[in-house]
1. Would you mind listing the helices (runs of 4 or more DSSP H) fully within the stretch 135-246 where at least 3 residues are over 24 Å from residue 10 (Cα atoms) and within 19 Å of the chain's Cα centre (by Cα)?
2. For the stretch 183-202, which residues satisfy the criterion of being over 16 Å from residue 84 (Cα atoms), at pLDDT 75 or above and surrounded by 14 or more Cβ atoms within 10 Å (Cβ to Cβ)?
3. Tally the residues that are within 21 Å of residue 139 (Cβ to Cβ) and buried (at least 20 other Cβ atoms within 10 Å of the Cβ), restricting the search to the stretch 233-257.
4. If you go through the stretch 209-231, how many residues are within 24 Å of residue 264 (Cβ to Cβ) and in contact (Cβ under 8 Å) with a residue 24 or more places away in the chain?
5. Looking only at the stretch 76-93, which residues are over 19 Å from residue 220 (Cα atoms) and more than 11 Å from the chain's Cα centre (by Cα)?
6. Go through 156, 100 for me and flag whichever is buried (at least 24 other Cβ atoms within 10 Å of the Cβ) and at pLDDT 90 or above.
7. Of the residues 15, 68, which is surrounded by fewer than 21 Cβ atoms within 10 Å (Cβ to Cβ), in contact with a helix residue (DSSP H, G or I) (Cβ under 8 Å, 6 or more places away or on another chain), farther than 15 Å from residue 243 by Cα and at pLDDT below 90?
């Protein structure tokens, strides 16, 4: 009997997301999160993520003349905003972590209701690949359990037991990062043949979509650089877990899942590349200010 990696991937992914977001919550207070959300351009952020980016992805799949299954995978990613890794990337670039946590908790909850509408509308413009299956209660439970609950639990622990929370913070981050790397490795091993079969053209289209989404988010992120980087990272890094969940339920046995995985990996790699660039620019700037630059 062949080994089915899907349950293992699901468990590892859920454990990784829970741990990473719990660690983010341990760094924050509720007042800081609500204050950051109050100051951001929430309407513009939501419009960018649920209207502008999906429309951009649709234009790209039509311009590159991608087949129906590749197009469907990209559209599912385009309609699934704000990946749970955004707070982790935000912490790495020293941006507005409170804003990242607030948006990462709020936007995916709205996705439970808006993503099916956006995806169905966009899929009407590509060749038919099957009926979209989107179970709102199950999706809402998954998003709440893996994003909102760990964030809220982490903030509650920091408020009620600050010393214990401080001791737990770094071990939790290390354990979650290791689990995430293991989950990604299992996905690559299990789907490597399908991923390699995706081809260069869809990945190029997704990369272009990432850069355009990053620029859109940065322009709409407000006046402060820390907030603009948060919105840029959130707008360009899509929720791969949500897109995969819909792909498995709606298009079993097709290349849609492979398209989501392959294009999702492109998003992660590009997100990490931009994090590295911003970290380098920040460290260089600090070195210049301190007079230590070569």
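1. 200-220, 225-236
2. 186, 202
3. Result for the stretch 233-257: 17.
4. Residues flagged as within 24 Å of residue 264 (Cβ to Cβ) and in contact (Cβ under 8 Å) with a residue 24 or more places away in the chain within the stretch 209-231 amount to 13.
5. 76, 91, 92
6. 100
7. 15
The values are calculated or read from the model by the stated rules, or taken from the named source; none is laboratory data. Remember, it's a predicted structure, so these values are computed and weren't measured experimentally. Cβ atoms come from the backbone with ideal geometry, glycine included; neighbour counts cover every protein chain shown.
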